[in-house]
Structures are given as C-alpha cells and as structure tokens.
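Please treat every number below as a calculation from the coordinates, not as lab data. Just so we're clear, the structure is a prediction, and the values are computed from it rather than from any experiment. So basically every Cβ, Gly included, is an ideal-geometry build from the backbone, and we count neighbours across all protein chains shown.
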Amino acid sequence: MDYEEFYQPFKQTGKSVSDNQQRQQTVFKSISKNAEKGDLKSLSKDLAALDALISEYQSYLTELRAQACGFDAKAYMQNGDFVKQMLAYCADYGVDAIGEYPSYEIFPFKVKIDGENQDVYMDKKKVSCARPQYLVADIKQNKEKLMKARFYASAFLNELADAYDKLIKIKRYDTDSKKQSFKLLLKDIYYFMTPMQRFRRDYDLQSFALDLARLYASGIEQTSDGRQYQLGPARGQSQMIRILNKNGEEWYIGTIEFFPKDVEDTASTESK
C-alpha cells in the first residue's frame with residue numbers, strides 16, 4: 001500500500017471538517033447577533049442549523065477515525081513498502097540515498113527505520129513519521145538549510161591543517177609537516193579535533209563529512225600559509241568517509257595530505 005492512498009482521502013475528509021468549522025463560526029455569529037437584537041425567530045432557525053452542522057461535524061470525525069484505524073502503519077513500515085516509497089521519493093527529489101533496511105545514509109544524515117514502533121531516527125533524533133514523501137521533503141529541506149548556512153571554508157581548511165601538523169608531531173615526533181608531506185587519515189584528524197564524546201554529539205562525523213564536502217565545493221585550495229592539500233582514499237573501507245562532490249556524485253575519501261609551499265602543482269583537490 002502507498003501511504004498516499006490513505007492520506008489523500010484523509011486529507012479530503014479533513015477539508016470537509018475545516019469547511020464545517022467555518023460554517024459553524026458563521027452561524028454562531030448570526031446566533032449572537034440575533035440574540036442581541038431580539039430576533040428570536042431567526043435565532044431559533046440558526047440554532048437548528050448549528051445543531052445540524054454539529055451532527056455533520058461528528059460524522060466527519062467518525063470517518064477520520066475509521067480512516068486512521070484502517071491504515072496498518074506497523075505492517076506498512078515492516079513489509080518494505082515504506083522504504084521502497086522513501087527511496088523512490090529520494091530519486092524523484094534528487095536526494096542521495098544508500099543503504100539497506102533498516103539503516104540508510106541520506107547525505108549528510110544517517111537514517112534508521114524502526115518499523116516495530118513506526119518511528120524514524122535521523123542522526124539519532126527520533127521522528128514519528130510514516131509518510132515517506134514528507135520525510136524525504138523534510139530531509140531535503142534540512143540539507144538545503146545546512147548547505148546555505150554560513151561556512152568559512154578557509155578557516156575550516158586552516159583548522160584541518162593545524163590538526164594535521166599537531167598529529168604529525170605526535171606520530172613522527174620532531175618531523176616538520178611544513179617541510180614534508182604525509183598522508184593522514186581524516187578520521188584520525190576528526191577524533192583529534194573532537195577529543196571528548198560530548199564534542200562529538202554536537203559535531204558528529206556526518207557534520208565533519210558535510211564540512212569536507214563544502215570545503216571541496218568551495219574551490220579553495222590553499223591554507224593561509226600557502227600550502228595546498230589533497231584528499232584521497234584510504235586502504236580500509238572502515239576508514240572511508242562518504243561525501244557528495246560538487247556534481248552531487250558520491251565520493252569516498254579517507255586521507256588528507258598537505259604539501260610544503262615549495263612543492264608546486266603537485267596537489268589539487270580531485271574533481272569529478
């Protein structure tokens with residue numbers, strides 16, 4: 001079953017409820033006016049009209065209740081229809097999505113389906129939503145807000161370079177990273193930048209991936225001290241970070257390398 005097969009008739013009945021409420025308000029205004037001026041004949045007619053509208057209103061509520069009870073949300077979310085339609089809407093809306101039930105990555109969000117309780121978790125935040133079209137539209141809107149939010153690509157690149165330099169010193173003692181280049185895992189840099197768990201709650205790995213994607217899309221290639229950087233793959237799949245490139249295509253990256261200033265034309269961000 002498609003959720004829209006339930007929702008559209010429900011929506012139509014809801015419109016009837018709204019129309020009925022407006023008519024009730026109109027009649028009640030007339031009742032008040034007739035009572036004020038002492039027109040008891042008209043008042044009696046209006047009261048009868050209001051009584052009929054209230055009976056009609058009750059019938060609509062009964063219909064809405066029957067429609068809601070007739071939709072088996074648990075079966076819908078567990079039998080695969082919800083996911084099938086969610087992925088179809090992702091394709092229609094141009095929203096990138098990968099994964100298998102119950103866990104999906106809809107960049108830059110992690111989405112998990114809890115069919116047992118008819119809930120969806122988006123980056124661990126519970127969202128009660130059994131309508132795929134609404135969920136995908138909401139995800140797209142949230143992503144657009146994140147992408148439009150103010151982002152200082154140069155500052156972020158300098159922060160990466162600073163963490164990179166410090167990690168080089170830790171890993172290689174007195175080696176000067178500004179004179180030699182090394183490939184470091186991006187995840188190592190992320191954990192170095194967010195050493196405590198509470199920091200990672202506010203700035204999780206998905207947020208880091210989004211910032212990497214925005215840095216890549218910005219076209220900025222040099223740090224404030226003139227070094228270029230290059231993003232590349234990692235050996236192990238578990239070390240990879242999935243982002244979308246400037247064309248909206250997926251790109252798996254795992255390492256970053258900053259090149260000394262005297263190394264020219266050897267480093268540039270990969271384009272697709």
On the formula 1/(1 + (r/R0)^6), with r taken between the Cβ atoms of residue 224 and residue 249 and R0 of 25 Å, the FRET efficiency rounded to 0.05 is 0.25
At q = 0.08, 0.15 Å⁻¹, the log10 of I(q)/I(0) for the chain from a Debye sum over equal Cα scatterers comes to -0.54, -1.09
One point scatterer per Cα, no solvent, Debye formula: log10 I(q)/I(0) for region 77-146 at q = 0.11, 0.14, 0.17, 0.27 Å⁻¹ comes out as -0.21, -0.34, -0.51, -1.46
Extension length gain for residue 57 and residue 153 (0.36 nm per residue less Cα distance), in nm, is 28.9 nm
Rounded to the nearest 10 degrees, the helix 40-69 long axis (Cα) sits at an angle to the longest Cα principal axis of the chain of 40
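Please state the charge dipole magnitude for region 1-108, taken about the Cα centre, from unit charges on C-beta atoms (+1 on K and R, -1 on D and E), reported in debye and rounded to the nearest 20. Present the calculation step by step, with values, prior to reporting the outcome.
Values: 11 positive and 16 negative charges, 175 e Å.
For this selection, approximately 840 debye.
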Low-density loop GluC sites (Glu not before Pro), region 84-139, at most 14 other Cβ within 10 Å, DSSP non-H/G/I/E/B, are 116
Taking only the alpha-carbon positions of region 21-83 as identical scatterers, the Debye log10 I(q)/I(0) at q = 0.18, 0.23 Å⁻¹ comes out as -0.70, -0.89
